[in-house]
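Everything on this sheet refers to the single structure shown next.
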Amino acid sequence: MLSTDDGFDTQASVRRANLRRALQLVFRNPGTQTRAGIARATGLTAATASSLVAELIENRLIIEGEQAASTGGKRATTLSVDASHHLILVLVIQPRHVDIALVALDGTEVDIRRVSYSVENRDLALDEAVSAVAEEFGGRLLAAGVQLPGTTDGRSVLESVQLKWEDVPLAERFERVLGAPVLLINDVDAEAIAEAGMEESPSGYRLFIHLGGGVGAAVTLDGELAPGPRDRAGEIGHVQVVFGEAARACRCGQRGCLESAAALGAMLGEEFSDAMDAPEIRELAAQADEEHLDEGARALARAVKLIGALLDPIEVVIGGPATQLGPRFLDRVRRETEYPARGTAQVPVRYADPRVSLAAGAAQAALTAALGVRWNPEQLRAPSASSL
């Protein structure tokens, strides 16, 4: 792995850093990058750049392509990402099903599937699904990203109310089957990573808020996730924002939590489920109580206004199933945040980019952990080649 820490082996460490730099240049400009371009961008000699490229080709990370346009001398050979071998496995775990995607190094989802289960057989179904992937693709797996609702340190599920898991060493469990490194990532963090990656050069703070069966948030800084020291950043769903008679009971046992007003179950009714597809959510939204939608927008706006004043983000992005609530709900939230608060700036609020795939954030996190590189926006939007 190019992200491996070589400790005190300075020469090996420098080599790996240069390999990451060269690989990132190819990821950023596939099909146009050349050995000479890598040498110019890194300040390395032509011989060193060629040596790096040779190693990346040998490891099946990049391939040679067509010749570049002539600049007066010998035409250089272009370099592209090798999408024919290595795969990143993504598991998006929900209470009633798991979405599985195998993503090639160019960002294309080459295989997607869904496995449904009950609460009683979920662990067995997950283990069987992972074993099936290992049997079919094991020799090609570079890394795996497991996206789930709840807090995680990347190795264990610290707590997931939705999955009823606590201190579950899930990464180690899956690694024994896959024979590849596994990274666990909170679902909202994954969405935030994917959203930030849609910009060529993201800068500043961005606040991402997921509204679905629960409410969660994540912050990115210059495109990178900004986690807290206790892996609890963004857990805003059970902070009280509604008081007095207007405060409704929350499933956590308190009253007036943000989730009790702004989660989709609170706004659309008990019929809502995270397992619903987009048309079903839109149909529920069309029949929803307008007063409940207003209450949810006001509660969300209070959180947005306060966090916005603290972070001064470039924008606030609302993601998750809430994007199916349409422009009317978004306008409500915007109106509720537009009042002047001395010393603060008005922060733009928008929905998440609909072109980002469900697996993009976890795949990006796993790619970065394994190789230390990031996809460009076009690669994050890469289409699925097949659907099973």
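The values are calculated or read from the model by the stated rules, or taken from the named source; none is laboratory data. Not measured: the values here are computed from a predicted model. Here the Cβ is made from the backbone with ideal geometry for all residues, glycine too, and neighbour counts use every protein chain on show. Calculation scope for accessible area: heavy atoms of the full protein, side chains included, ligands and nucleic acids excluded. Shrake-Rupley method; radii C 1.70, N 1.55, O 1.52, S 1.80 Å.
For the range 96-209, the square roots of the Cα gyration tensor eigenvalues, ordered a ≥ b ≥ c, give a/c of at least 1.5 with a/b no greater than b/c, which places it in the oblate category. Projecting the Cα positions of 261, 244, 63 onto the charge dipole of the chain (unit charges on Cβ atoms of Lys, Arg, Asp and Glu, taken about the Cα centre) puts 63 furthest along the positive direction. Peptides 204-217, 302-315 ranked from most to least packed by the mean count of surrounding Cβ atoms within 10 Å: 204-217, 302-315. The string of couplings for the range 120-130 from the Karplus curve (6.51, -1.76, 1.60, θ = phi - 60°) is 5, 10, 4, 4, 5, 5, 5, 4, 5, 5, 5 Hz, one whole number per residue in order, with x for Gly and Pro. Between the beta carbons of residue 335 and residue 203, assuming R0 = 41 Å, the FRET efficiency works out to 0.90 to the nearest 0.05. Here the Debye sum runs over all C-alpha atoms of the range 168-259 as equal scatterers in vacuum, and log10 of I(q)/I(0) at q = 0.10, 0.14, 0.19, 0.26 Å⁻¹ comes out as -0.38, -0.68, -0.95, -1.17. Label separation (residue 246 vs residue 280): 3.2 nm, computed from points 7 Å beyond Cα along the C-beta direction. Listed peptides 181-194, 26-39 appear in the order 181-194, 26-39 once ranked by packing, highest mean of other Cβ atoms within 10 Å at the front.
Over all Cα atoms in the range 287-353, the spread is summed up by Rg and Dmax: 11.9, 40 Å. Rounded to the nearest 20, the size of the Cβ-charge dipole of the chain about its Cα centre is 1200 debye, with Lys and Arg at +1 and Asp and Glu at -1. Among 267, 276, the order of accessible area from largest down is 276, 267, computed with a 1.4 Å probe on protein heavy atoms. For the range 171-301, the dipole from Cβ point charges (+1 on Lys and Arg, -1 on Asp and Glu) about the Cα centre works out to 580 debye, to the nearest 20. With 0.36 nm allotted per residue and the present C-alpha distance subtracted, the residue 328-residue 42 stretch has 98.1 nm of extension available. Over the range 228-300, the fraction of Cα-Cα pairs per 10 Å bin, rounded to whole percents and listed from the shortest bin up, is 20, 44, 29, 7, 0. Note on residue 355 and residue 291: with the Förster distance fixed at 35 Å, the Cβ-Cβ geometry gives a FRET efficiency of about 0.60. Across the range 77-111, the residues whose backbone nitrogen lies under 17 Å from the label position 7 Å along the beta-carbon direction of residue 28 are 79-81. For volume of the Cα convex hull per residue in Å³, the value calculated from this model appears in [x] 158; [y] 148; [z] 169 under label [z]. Between the alpha-carbon centers of the range 100-134 and the range 263-295, tell me the distance in whole angstrom. Centre-to-centre (Cα) distance: 28 Å. Counting only heavy atoms of the protein chains and using a 1.4 Å probe, residue 159 has close to 80 Å² of accessible surface. Per residue, the accessible area of the range 302-388 comes to 49 Å² when a 1.4 Å probe rolls over the protein heavy atoms. If you take the Cα centroid of the range 196-262 and the Cα centroid of the range 27-60, the two points sit 41 Å apart. On the basis of the beta-carbon distance and an R0 of 22 Å, residue 84 and residue 376 show a calculated FRET efficiency of 0.70. What the phi angles of the range 170-178 give under the Karplus curve with 6.51, -1.76 and 1.60, with θ = phi - 60°, is a coupling list of 5, 4, 4, 4, 6, 4, 4, 8, 7 Hz, glycine and proline written as x.
Think of the chain as a dipole: +1 on every Lys or Arg Cβ, -1 on every Asp or Glu Cβ, centred on the Cα centre; then among 296, 377, 90, 377 lies furthest on the positive end.
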